[in-house]
Every structure is written in C-alpha cells, then in structure tokens.
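Notes follow once the structure below has been shown.
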Amino acid sequence: MALDLATMLGIYVYALYALSAYSLTYRDNMFFKFAEHSYLALAVGYAGAVAYGYVRRTAIDPVLTGKDLTFIFPVLFGVLYVFFFSKKYFYLYRFPMAIVTGTGVGLAMSGTVSAQFMQQITATIVLPLYVVHPVLGFQAMDTINNWLIIIMVLGTLAYFFFSIQPETAIGKATTKLGLVGRWTMMVAFGSAFGNTVMTRMNLFIGVYKNLLRDYTSFLGLTALILIVATLEGQRAKKTEQKA
Amino acid sequence: MSFWKKLEAVDVRIIFLVLWIAVGIPLIAPLNFPMAVSPDTIKYRDAIEALPAGSVVAFGMDVSPAGYGGELGPEARATATHLFRRPLKVIFLTFWETGAPLIENVWRDPFVAAAMKDKKYGVDYVNLGWIPGSETGMSSFATDAWKTLEKGDYKGTKLSDLPIMANVKTVNDVTMLICIETGTPGGPEYLRQWWARNPKLKVLIGALGVDVPATMAYIAAGQVVSMLRGGRGAAEYQKLLNIVTTADIMGSDAMSMSHFVVLVFLVLGNVGYFALKKTRGSPVKT
C-alpha cells in the first residue's frame, strides 16, 4: 500500500526521534541530545499552553468581560508565583505555595484515612484463616494466601518496631519476626522491579512496532545515527587525547 | 580469563543488541506463543459484563503519551470496545492534560469505532476532557460535577445540553470507575476522593506493569474489583473480547521474548555472581 507524503514524513520524523532517543544505548551523541531537548521543550510548551488556555477561559475572560470579578483574587494570587525568581520578594511566592500545599495535603489526608488506612487495616484483620467456599468446600490456596498475608504483615511491622530492647526475650522474638519482614520487603521490591522492567519493555516494543512500519526509515536512520555517533565519539576521543 | 569473568566484562551494548534482535524476530514473523488468561482479566471483563443497562461508567483516561504508546493504549482501546458493545453511558474524562487528546485517539481504533457506530454523542457517551487540579480536581468533580465543569465538555458544549449528564451531579451518580493510569493522579487518588465518598463505586484499574504490585493491595482489600496487568493484561483482554489482530499477536510474542531474554540474563548474572564470589570472595557483607 502506497503511503501519502504526509504519512511518510510522519513516519520519518517518528523514526528519527525514536532512534535518536534509543541511540543513547550505543553512546551519548548529538542525536540523543536533540531528541532529549526537543521532548522537554514540547512537554513544557504543551503543558503551559493547555494550562494557560484553561486559566484564560475559566478566570481571566470572566474578569475582563465583567461576568465574574471574584476570579481576580485567585488570579492575582497565582501571579505571586513569579516571585520565585526574586531574592528580595521570594517570601511572596510562599503565599500561593502554602495555599496549594495546604489544600492538597488536607484533601489527600481526609480521604487517606478511610481509603488507605482503615480499609487496608480492616481487610487484613478480617481475613479468614480457614477459607471454605459455600459450594466448592475448603480452599487450600486461599487459606495459605491469607496466612502468608498475616505473617508477612506482622513481619514487616516487626522490622520497623524499634522500641523494644533487643536483648530481652520479646526483643529477640521481634528481631526474628523482623527477618520475615525483611524477606517480605525484598520479595515485594523484586516484584516491583520485575514489573518495572516489563513496563519498560512494553514501551520499547510499542516503539519498535511503529518503527517496523517502514523498514527504509528504520534501517536508514539507524545507520545514519550509528555513523554520526561513532564519528562524534572518535572526535571526542581525539580532542581528549590532545588535551 | 574464565568464562564468568569474560561474561562479567561484556559490553552492555551487546546485551542491548541481543534484546533488539530477540524482540525484533516476533515483530517481523509472529511466533504464536500460547497465552493463558489470568483470573484478574476475567474478573475485569465480568465486572463490565455484569453492569445493568443504562449504568453510568466514568472512564478516566489518566495517561501520558509514553504510557499510552506502550501498555495503556491497548488496555484503553479494549476497555472502550467492551463498554461500547454494552448499553451503558460512558463518561470519558481525564485529570492529566496529556490524556485529553488521547481520548479521541481511542475512538479512532477500528474495533472501538465499530462498537460505537450506533452510539450518540451526548446521549450514550461524552468527552469531558481535561479537568485541572489533579487530586483537588477529582475532589471537586466528586462533590459537584456541574460546577467543576462550567466550561462544558471537551469542545465547550454546556453540560445542560448533554442528556447523559442530566443525572450525573456527583460521584454518587456513577456506578463504575475505570481508571487507565500512568501515575499520579491515578488509582490511589480516585480511591481517596471518589471511593471514600461512594464506597459502592465499582473500581477497575488499567495499570502499567510497574503499578501492579501496589494495586494488588487494593484488590485484596476489596476497594478495587480487578485490574488489567499492563501490556500482558491488555493482550489477555483482547483475546477474551476476540479483537486480536496480527499486530497484537506480534506484540504479545515480543513481550514474551523480551521477558525470556531478561530472565536468561538474570539467571546468568546471578550464577556468574556466585561463581565469582567463590573464587574471590564477596565484597558485600550480608
């Protein structure tokens, strides 16, 4: 299927940026820097434009047209953010920052207690230690799972329990239980790390799939970037040797 | 120099090259690896299937382009296809400014487009676009959706002109929340601001692989019904919905290949570490 010029151009631009970003795995080079800086500029520019559009529609326009003058206060408060760049008036920047932080923390904490503390604790406490399904009968795997959860939660709590003298009998028992917690956390970190690798791989596969839509751009640009990166590396090496 | 010492000194670029080749093979010719569907994915499908007709579903497209290009795109497209196949009211929204343009990108998927052929904008589905304020925005929407969205939907249409929004004033009017999440704000913030106000809310999460362990705790506590586990979960869901293309098969094969390569390197690295530790002793005290 023949592609139109705009699609072809899109594929080449995509391939150039993707390969430039991945070229870091070979060595640092001008293509990578170009892609890195372009991405940052694009992300900041997009976020800025979207935020400005929203503030203009929601707050500035109603003030300018006289529809709702109350927005003048939050807008002026927002302008105080600019004083982040002033040594003399830096304290003014703290006012909007304090409001945003206070609101955020207040809102988050109100929901956190019920959604992330109480519910999690309750769910752990009410876990049945002997699981029986009304139709299927005894559930061995669920029972083992629940026991594991309870032991691991207690172990992890014990690991962070520092108020007991380790020389006492209770202290020794807590330390031993804490070892279970240490293993639990290592397993959890390992699982998180494994999932992180999977996510990165999926990102890579997504890009790779798109690159393979057009072999000429993929192979051509890969060759070009590798050549330039090698030449640049050699030039940098020579400059280093001369110095 | 022993084999293990040679392996320890191998240029990291060789590993990258092996990965490029291993992942590239199934992307050129699919290998058709078998794939079992996990209980989480079945539960995710069943939760949507069990919704009564006319239920209001909030579809949080809280994604970045990078997340969307990898794992979340397939998750979002499969979920949207399923939702549009059912007689439900779907409200698309996002608390990520990068998520707004991607909502329409989801609709352009051939399977989604086919499923929403007979659906009417404003009646069966709506795109509310980006709601600023992150968690504060979530809280605001949960308590008064109409006031939060005085600007209207994504295109500026007033909510009063959208029949789908007539009975949706607060989070208590939403039956199910599906959050396709890249990061913060995402699942935990929805739980704090939406679920805490409406514990009857059925929550499904389309997670990045990296978020899977954290989300499991919420499923165990009964706050989240189920989740799609990254790209793998998306592939399983596509299989359940029978919307798998050759490109998807290639993608899941490539995923399996990449995991296989990583596992091989992981085993080699560990065996090498212990083999060398025997000869020279470990510098790390454990």
Residue match in region A:156-171 (condition: more than 30 Å from residue A:34 (Cα to Cα), within 32 Å of the chain's Cα centre (by Cα) and of a type in the set (A, V, I, L, M)): yes
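From the set of residues in region B:43-78 that are within 14 Å of another protein chain (Cβ to nearest Cβ) and not in a helix (DSSP H, G or I), which is surrounded by the fewest Cβ atoms within 10 Å (Cβ to Cβ)?
Looking only at region B:43-78, we keep the residues that are within 14 Å of another protein chain (Cβ to nearest Cβ), and these are B:63-77.
Narrowing further to those that are not in a helix (DSSP H, G or I): B:63-64.
Values: B:63: 29, B:64: 18.
Applying the filter and picking the extreme gives B:64.
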Residue A:112 being within 30 Å of residue B:151 (Cβ to Cβ), part of a helix (DSSP H, G or I) and touching a helix residue (DSSP H, G or I) at 6+ places or on another chain (Cβ under 9 Å): yes
Residue satisfying condition, being closer than 30 Å to residue B:228 by Cβ and at pLDDT below 85, within set A:211, A:224, A:203, A:219: A:211
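One line per residue, one yes/no per condition, for (1) of a type outside the set (Lys, Arg); (2) in a loop (DSSP other than H, G, I, E, B); (3) without any contact (Cβ under 8 Å) to a residue 60 or more places away in the chain; (4) out of contact with any helix residue (DSSP H, G or I) (no Cβ under 7 Å at 6 or more places or on another chain):
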position	(1), (2), (3), (4)
B:114	yes, no, yes, yes
B:139	yes, no, yes, no
B:147	no, no, yes, yes
B:152	yes, yes, yes, no
B:164	yes, no, no, yes
B:172	yes, no, yes, yes
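Which of the residues belonging to region B:201-212 are without any contact (Cβ under 8 Å) to a residue 24 or more places away in the chain and surrounded by fewer than 23 Cβ atoms within 10 Å (Cβ to Cβ)?
B:210
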Tally of residues being closer than 21 Å to residue B:141 by Cα and either surrounded by fewer than 21 Cβ atoms within 10 Å (Cβ to Cβ) or not assigned by TED's automatic domain parsing to the domain that holds residue B:184 (or both) across region B:98-110: 2
Output for region B:78-106, where each listed residue is touching a residue at least 12 places away in the same chain (Cβ under 8 Å) and more than 16 Å from the chain's Cα centre (by Cα): B:84, B:85, B:86, B:87, B:88, B:89, B:90, B:91, B:97, B:104
Test result for residue A:229, surrounded by fewer than 17 Cβ atoms within 10 Å (Cβ to Cβ), within 32 Å of the chain's Cα centre (by Cα), within 12 Å of chain B (Cβ to nearest Cβ) and small (Gly, Ala, Ser): no
Positions within region A:104-161 being aromatic (Phe, Trp, Tyr), under 30 Å from residue B:135 (Cα atoms) and crowded, with 17+ Cβ neighbours inside 10 Å, in sequence order: none
All helices (runs of 4 or more DSSP H) inside region A:27-105 with 2 or more residues being within 30 Å of residue A:228 (Cβ to Cβ) and within 11 Å of chain B (Cβ to nearest Cβ): A:30-55
Unmet criterion (only one of (1) buried (at least 18 other Cβ atoms within 10 Å of the Cβ); (2) more than 18 Å from residue A:111 (Cα to Cα)) for residue B:146: (1)
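The values are calculated or read from the model by the stated rules, or taken from the named source; none is laboratory data. Nothing here was measured: the structure is a model prediction, and the numbers come from that model. Reconstructed Cβ throughout: ideal geometry from the backbone, glycine too, with neighbour counts over all protein chains shown.
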